Amino acid sequence: RKIAVFASGSGSNFQALADAVSNGTLEADIELLVCDKPGAQVIDRARKLNIPIYTFVPNTFPSKAAFEQDIVNELKSHGVEYIALAGYMRLIGKVLLNAYEGRIINIHPSYLPAFPGKDAVGQALSAGVSETGVTIHFVDSGMDTGPVIEQEKIPVLPGDTRDTLQQRIQQAEHKLYPAILHKLLQKDTIGGIVQ
Ligand code: GRF
């Protein structure tokens, strides 16, 4: 299965997916990293791994449809079948959704539908909840609203700071994302029946 990873930030989930591909626990090929922030750390990670990179600057395009069309062209030229979002901090628009219907997956650092959108970790801390989580879901046009594939609860411990909680969440993400993606690709349920 040929996949692309979309990321805008540090890329620790991108790294976890790439590591899982290298050690054979995720049977897939990462054909492309798509990144909307040319200075992001994830780009260095991809470079070290010799994974092709497509970067773009959204506000140099006339519209979301225009930059997404370029992304789709790039994905098609690499034969990409599935997209894994890993900290790609933008809503997916119609052009990408139509081209990859049911084949775009996201990971979000909360137990959705709690704390969608930006800073889910900070939101959980401010809300004073005793547990939060990780969610892997299919992507639709909403903000973290698509059908849930898998969720894991993560405790919020007394004295947690944003850093300690984020670390706990990310440790779980780095295990869960490759494992769930592998399962989905094996069963080929992506694009088919949900759950
Ligand atoms: C992850 O926590 C993921 O759940 C969210 O964005 C974060 C990306 O972190 N969507 P990283 O760039 O993979 O380290």
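Loop-located trypsin sites (Lys or Arg not before Pro) across region 56-109 with a Cβ neighbour count of 14 or fewer within 10 Å are Arg90, with loop assigned by DSSP. Normalised by residue number, the volume inside the convex hull of the Cα atoms of the chain is 113 Å³ per residue.
Sequentially through region 176-182, phi angles give Karplus couplings (6.51, -1.76, 1.60; θ = phi - 60°) of 5, 4, x, 5, 6, 4, 4 Hz, Gly and Pro residues having no value and appearing as x. Most simply put, the chain has about 40% antiparallel DSSP beta bridges, counting only bridges with both residues inside it. When the alpha carbon gyration tensor of region 64-140 is reduced to an equivalent ellipsoid, its three semi-axes come out at 30, 12, 9 angstrom, largest first. Among the trypsin sites (Lys or Arg not before Pro) in region 104-195, those placed in a DSSP loop whose Cβ has at most 13 other Cβ atoms within 10 Å are Lys118. Entry note, region 76-153: relative contact order of 30 percent, from Cα contacts under 8 Å with a spacing of 6+ residues.
Normalised by the number of residues in region 94-137, the mean separation of alpha-carbon contacts (under 8 Å, six or more apart) gives a relative contact order of 47 percent. Select from Gln41, Gln167, Gln123 the residue whose mean-square fluctuation is largest in a Gaussian network model of the chain (Cα-Cα springs shorter than 10 Å). Most flexible of the set in this elastic network: Gln167.
Taking Cα centre as origin and charging only the Cβ of basic (Lys, Arg, +1) and acidic (Asp, Glu, -1) residues, the dipole magnitude of the chain rounds to 140 debye.
Using the alpha-carbon atoms, what tilt in degrees (0 to 90, nearest 10) does helix 64-77 show relative to the longest principal axis of the chain? With both axes taken from Cα atoms, the answer is about 70 degrees. With contacts taken as Cα pairs under 8 Å and at least 6 residues apart, the chain reaches a relative contact order of 22 percent.
By the equivalent-ellipsoid construction on the alpha carbon gyration tensor, region 79-120 comes out with semi-axes of 22, 11, 9 Å, ordered largest to smallest. Rounded to whole numbers, the Karplus 3J(HN,Hα) couplings from phi for region 155-164 are x, 9, 9, x, x, 4, 10, 4, 5, 5 Hz, using 6.51 cos²θ - 1.76 cosθ + 1.60 with θ = phi - 60°, and x at Gly and Pro.
Since every read-out is calculated from the coordinates, none of them should be taken as a lab result. As the structure is a prediction and not an experimental result, all values here were calculated from the model. In this analysis, Cβ positions are derived from the backbone assuming ideal geometry, glycine residues included, and neighbour counts consider all displayed protein chains.
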